[in-house]
1. Quote the relative contact order of chain B in percent (integer), defining contacts as alpha-carbon pairs under 8 Å separated by 6+ residues.
2. Please list B:105-112, B:133-140 highest first by mean number of surrounding beta-carbon atoms within 10 Å per residue.
3. Can you spot the aspartates and glutamates whose alpha carbon is less than 14 Å from B:Lys229's alpha carbon? Ignore those fewer than 8 places along the same chain.
4. Towards the positive end of the charge dipole of the protein assembly as shown, with charges on Cβ (+1 Lys, Arg; -1 Asp, Glu), say which of B:Thr213, A:Leu119, B:Ala234 has the farthest Cα.
5. Can you check how the C-alpha radius of gyration of chain B compares to 2.2 N^0.38 Å, as a plain ratio?
6. Using a Gaussian network model on chain A with a 10 Å cutoff between Cα atoms, which of A:Gly60, A:Gly288, A:Gly167 fluctuates the most?
7. Could you sort B:55-65, A:137-147 so that the peptide with the highest average Cβ count within 10 Å comes first and the rest follow in order?
8. Which of the lysines could be linked to B:Lys90 by a straight reach, that is with a Cα gap under 20 Å, when you skip same-chain ones fewer than 8 residues away?
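Nothing in this text is a laboratory measurement; each read-out follows from the coordinates by a stated rule. Only a predicted model underlies this, so the values are computations on that prediction, with no experimental measurement involved. Every residue, glycine as well, gets a Cβ built from its backbone with ideal geometry; the counts of neighbours run over all protein chains shown.
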Amino acid sequence: MTSTEAGTTVSITRQPNAAAGRAAPKGRRRGPRRPLGLPWILPAFIFVVGFIYYCIGYTGYISTLNWDGVSPNPQHVGFANYTQAFHDPVFWATIRHTIIFFIVTFTVQTAIGFIFAALLHSKVKLPNLYKVIIFIPVVLAPATMAPIFRQIFSANGQFNTILSDIGLGSLAHPWLAQSSTALPVIMAITIWEWTGVTFILYFAAMTQIDKEILEAARIDGANGLKVLTRIVWPNVRGTTIALAMLSVIGALKTFDVPYLVTLGGPNYATEFLGTFIYRISIPQAEVGYGAALSILLLILSLAGAVAFGLRGTRRS
Amino acid sequence: MFETRRLSSKIILQVILTIMVLPFLFPLIAMVQESLSGQGWGNYKAVWATGVVPQFFRNSAIIALGVIIIVYCLTMLAAFGFSKLHVRWKEIFFWMMLAALTLPEVVLLTPLFSIAIHLGLFNTYFSVILPLAALQIPFAVLLTRNFMNSIPDELFDAARVDGANAAVIFRRIILPLTRPIAAAIIILTLIAAWNDYLLPLVFLQTPSTQTITLLPSFFVSEFSDDQTKVVASAVITAIPEIIAYLCLQRLFERGLTAGALK
């Protein structure tokens with residue numbers, strides 16, 4: 001799902017400036033008045049805004065009910081569902097997992113993606129082969145990969161085989177069945193799936209860097225590592241901020257991997273807001289509580305986007 | 001980025017790169033290996049013999065195509081209006097749409113469920129196509145508007161002086177000039193629709209409508225304890241995606257970087 005947002009954040013962070021800069025002079029334009037655009041934007045506007053805002057409003061209403069989704073007269077309970085959420089240890093566990101998940105996946109993806117991009121800008125052999133290998137996970141559905149990941153990290157899976165092959169057999173254990181290692185495995189799978197996006201964005205950002213600056217730095221005696229940390233890294237900061245925002249939203253949206261690989265378990269160790277809301281709303285049919293959790297998730301996503309969006313615009 | 005004049009440093013870079021890429025390759029190799037263990041190609045034969053695989057593909061293709069058509073048409077119209085035409089309170093409309101961008105689809109489950117039941121759309125393609133399209137359009141409009149802003153207004157004004165109305169300009173000037181961004185949007189929408197799991201999981205209940213992302217779960221119940229066949233079915237669903245990517249590599253990568261590059 002997140003693949004679609006790869007570039008989103010970049011554009012969002014730029015949008016306020018761009019919009020402000022363009023909208024103002026356009027209004028005062030001389031010359032022929034422009035044709036009315038309203039009929040052109042209305043189909044998309046009604047479809048998206050009508051649909052989604054209706055859904056959000058409806059969720060907000062349901063969140064004040066004690067309802068199983070089918071009973072004809074649900075009971076109004078005010079904000080009781082929200083109070084229930086704040087007293088639910090599983091809710092706080094999902095928040096904790098989301099934060100850890102964001103910090104780890106973002107850091108690791110940034111590091112690997114950045115290094116890959118730098119290496120592939122360095123005249124290595126067969127660059128396209130490496131590019132393809134890193135990028136293939138992005139186009140594969142998490143649902144398609146879930147069975148093999150369950151197998152790889154199972155007690156007699158390939159990961160344990162590799163560990164014993166390289167003499168670390170003592171570390172071998174059922175990775176997904178143990179609370180302490182299930183979350184790291186979920187994060188590793190996510191990193192495997194999304195580093196391609198990080199890489200491709202950094203790769204594109206690096207092509208934009210002025211070659212002369214790099215050349216000048218080299219003539220001044222800077223080595224590869226210095227060029228990378230002092231010149232390349234600051235120059236791709238916009239991409240890094242965008243990727244941070246992408247990761248926040250991605251962490252809040254996480255559903256496919258934990259649901260398919262561990263079902264949120266063992267003992268809620270890999271429960272995320274997405275899997276939690278699904279479990280509450282659909283199999284457990286506590287629709288009112290699920291809706292309250294959905295509204296909380298919505299608030300968190302918007303807050304995350306705004307926080308990073310504003311940071312991006314202020315600095316740029 | 002790294003200077004590689006000496007042969008030794010060239011080799012070191014190549015080795016580092018190769019070691020770093022191995023973990024990315026490993027699950028793919030493990031997947032193929034696993035799908036061939038036990039009965040070897042027999043796993044693939046057993047999966048194919050169930051006869052449902054083409055059906056799942058067809059469903060995914062119909063859904064992806066439906067989403068692409070809706071997203072493409074509505075996005076092009078709206079982006080043209082936002083970028084080149086006169087709209088009052090333009091930015092308010094725009095930001096109301098953009099707010100939907102961060103929306104996790106799980107938030108929509110309950111209301112969508114009740115809409116689908118009321119309109120009789122449950123277990124139909126529409127129950128997945130409509131929400132997917134609604135979730136894709138805001139981002140597509142954002143990208144396309146940015147792209148159209150770079151088309152000079154003078155071109156547009158000149159056409160108007162020559163007597164062309166907005167519809168003609170849209171067809172003759174805007175559509176041909178926006179082909180690159182349209183391609184990017186189609187690819188992005190394709191990946192999102194093809195790989196979506198949650199909406200089909202909730203709304204599509206029978207194999208006659210289910211998509212390929214539900215194929216592994218279908219085979220888990222079909223071949224209860226035979227993991228190798230489940231993995232074989234996953235390989236079958238992965239192959240077309242990999243082929244599509246390899247054939248359209250530039251488009252895929254450009255699609256994903258579209259927002260990052262001005």
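1. Across chain B, relative contact order equals 32 percent.
2. B:133-140, B:105-112
3. B:Glu34
4. A:Leu119
5. 1.27
6. Looking only at A:Gly60, A:Gly288, A:Gly167, the biggest GNM fluctuation is shown by A:Gly167.
7. A:137-147, B:55-65
8. Once the sequence-local lysines are set aside, what remains near B:Lys90 is A:Lys26.
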